[in-house]
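Accompanying notes for the structure given below.
The values are calculated or read from the model by the stated rules, or taken from the named source; none is laboratory data. Everything numeric here is computed off the predicted structure, so don't read it as measured data. Neighbour counts run over all protein chains shown; Cβ positions are idealised from the backbone, glycine included. The protein model used for the area step is the full one, side chains on, heavy atoms only, and it has no ligands, DNA or RNA in it. Shrake-Rupley method; radii C 1.70, N 1.55, O 1.52, S 1.80 Å.
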Amino acid sequence: MNLRAITLNVGKALLVSALFMSLSLVVSIIDGVDSGFMPLLISFVLTGLVGLFPFIFVKTAPAMSMKDGFVTIVLAWLLSFIFGMLPYIMWGGEFTIINAWFESVSGYTTTGSTILNNIEALPKSLLFWRSSTHFIGGLGVVVFLLLVLPQASPYRMKLTNMEMSSLSKDGYRYKSSKVIRIIVSIYIGFVVASFFALWAAGMSAFDALNHAFSIAATGGFSTKNLSIAYYNSDLINGIVLFFMVICAMHFGLLYSVIVTGSLKPMNNAVVKYYFGSILVCSVIIMISLMTQGGYDSWGRAAMDSTFTVVSYMSTAGFAICDNAVWPWLAGVILIFVSFQCGCSGSTTGGIKVDRIVIAFKAVGHEIKRRLHPSSVSQVRISGQNLSDGSVSAVMLFIVAYVFTMFVSVILVMLCGTEPATAVSGVVASIGSVGPGLGELGCLDNYSTQPVMAKFIYSIDMFMGRVEIFPLLVVLSMIFKRR
C-alpha cells in the first residue's frame, strides 16, 4: 500500500473542508463575530494543519494501485466526517460527540437527517458550515480532489472510475477530465439558479444561499425548524419542487439537453419511468390524503403529496407539511420511493431509478426466456443491449443493498427502537433521504434515537453514499491483512 500517495491526496481533500471553514469564519465576522467564530477558527487551524502536513514529506503523488484508490476514497470521507464534526463539538448546545458525528456524516453524505430540535438557535456561521458540508458532499470529496489533479494523471482516471458508479458513467461520452467539468458546471449552475430564484421569491440572501446548497446537493438541511414550510409560500414551494426534480436527474443527460438545445436526450426508458413513478406515487398519496388523511382540498393534497414524493425520491428531504399524521398507505409509498430514489449520475442516493428499470427488464427477460428456451435475446433499454455482466452487477448491488438494510434494521431494533421506526430510519439513512416516517417524519428529527442507533444510521449513510462496495473492499483488505 502506497501511504505517501494516500496521505497526500487525503490531505488535499481535508483542505477543501478547511476552505469552507474559512468561508464560515467570514460569515461569522459579517454577523458581528457570533458564537461560532472560535469553534470554527480552531477547527479551521486543525483541519488546515493536518491537510497540509503530508505536503512536508511528499512533494508529488507517486503512482497508485487500485487498492490505494479505494483506501483514498474511504479515508477522504471518514476524515472529512471527523474534522467536520469539530465545530459542532466545540460550540456545544445539543451537540454531544455522537450528535456532532451524526450531523457531520449526515451533512457530507447529503442525507439531511438532523439531531437538532432547535436549528434556529445555531449562529449563522454554523448554519453556513452545516450547509457547506452538503455542498462539499454533493460534489463529492473526491471530485474536489480530482479538480486539483493534472488532467493527464492516471490517478485522476482511476479515482473517477472508483468515485462514479458504472451506471453514472454510462451517461457520459467524454474523457474523465471533461466529465469532471460537466459535473461541476451543472452542479454550480443549480446552486446559482436556485439561489437567485429563491431570493427573488422572498427568501433572505443568507437563507437562499443555504437552501441552494442543500437543493443542488439534494441534501435537505434548512436554516429553519419548519424547513420550507416556514415560508408558507406556494411560489417558494414550486421553485424548490422544480429544482428537486431536475437535480435528481443524470447530470450528463442535463448537459446534453443544454448543449443540444433539444429534449431528445430525455426520450429514454429511465427518464420516462422516473417521471411516471413521480406521477403515480403522487396520485396514490393524494387520493389517500383526501379519503383517509382528513384533507378537504384537492389542490392542497396535490401540492403536499407531489412535493413530499419528490422530496423523498430526490433525497432532498425538505418539508412543507407534517407527514407523521398521514395514513399508512402514504407511508408505504414513501418507503418505496426512499428505496428507489432518483437517477444515477445525480447527487441522489438509494438503489437509483436506472437499476430499478434494469431489474424490471431483467425479470421480464427471464420470464420470456423460460417461455421460449430456444430464443436468443438480451436485456434492452432504449434500444441498447445490456451485457449479462452489467445486469448481474445491478442485481448484485440490489441484493447487497437489501441485505445491508436487513442487518441494519435488526441492529437498530436491538438498540430498543420500535420496528416501524427502525425500518423507516434505516431506509432513509442508507438512501440518503433524511426524513423517515412517524417520529422520524419530515418535521421531526433523530434526537430521541438511542446512541448506538444513531451510529448505525451514520454508517448506513456512509455506505449509501459510496454505494456499499468501496467500503466493503477496504474492510476486506483490512481483514485479509490480519
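Here, the range 1-51 is characterised by an Rg to Rh ratio of 1.16, where Rg is the alpha-carbon radius of gyration and Rh the Kirkwood radius.
Each peptide in 331-340, 363-372, 206-215, 466-475 was scored by the mean count of other Cβ atoms within 10 Å over its residues; highest first, the order is 206-215, 331-340, 466-475, 363-372.
Accessible surface for the chain, divided over its residues, is 41 Å² per residue with a 1.4 Å probe.
The coefficient of translational diffusion for the range 322-376, derived via Stokes-Einstein from the alpha carbon Kirkwood radius under 25 °C and 0.890 mPa s, stands at 180 µm²/s.
222 nm [θ] for the chain, helices only, -39500 (n - 2.57) per DSSP H run of 4+, per residue, to 500? Rounded to the nearest 500, it is -22000 deg cm²/dmol.
If the segment from L52 to M413 were pulled out straight at 0.36 nm per residue, it would be longer than the present Cα-Cα gap by 125.7 nm.
Under the shape rule built on the C-alpha gyration tensor, where the axes satisfy a ≥ b ≥ c, the chain is rounded, since a/c falls short of 1.5. Screening the chain for whole DSSP H helices with an alpha carbon extent of at least 15 angstrom along the helix axis and a mean Kyte-Doolittle hydropathy of at least 1.0 yields 3-30, 37-57, 66-84, 176-201, 234-247, 269-291, 328-340, 388-414, 419-430, 469-481. Remark: spin-label model distance K368-V402 equals 2.3 nm, labels positioned 7 Å along the Cα→Cβ axis. If the segment from M452 to D234 were pulled out straight at 0.36 nm per residue, it would be longer than the present Cα-Cα gap by 74.5 nm. Computed packing ranks the peptides 128-138, 194-204 as 128-138, 194-204, most packed first, by mean other Cβ atoms within 10 Å.
Comparing Cα centroids, the range 383-452 and the range 320-337 end up 16 angstrom apart. Past 29 Å, Cα to Cα, is the threshold; run K12/K124; K124/K272; K361/K480 against it and keep the listed order. Cα-Cα > 29 Å for K124/K272; K361/K480; rest within. Identify the chymotrypsin sites (Phe, Trp or Tyr not before Pro) of the range 378-448 meeting these criteria: DSSP loop state and at most 16 other C-beta atoms within 10 Å of the C-beta. Nothing satisfies the criteria. Which percent of the accessible area of the chain is formed by carbon and sulfur heavy atoms (probe 1.4 angstrom)? Of the solvent-accessible surface of the chain, carbon and sulfur hold 68 percent.
Let me check against my output: what whole-number percent is the relative contact order of the range 225-301, with C-alpha pairs under 8 Å and at least 6 apart?
Values: 20 pairs, mean separation 9.2, N = 77.
In percent, rounded to a whole number, it is 12.
Does the range 403-481 come out rounded, prolate or oblate, given a ≥ b ≥ c as the square roots of the eigenvalues of its C-alpha gyration tensor, rounded meaning a/c under 1.5 and, failing that, prolate meaning a/b above b/c? The shape class here is prolate. Per-residue packing, averaged as other Cβ atoms within 10 Å, sorts the ranges 454-465, 291-302 into the order 454-465, 291-302, beginning with the highest.
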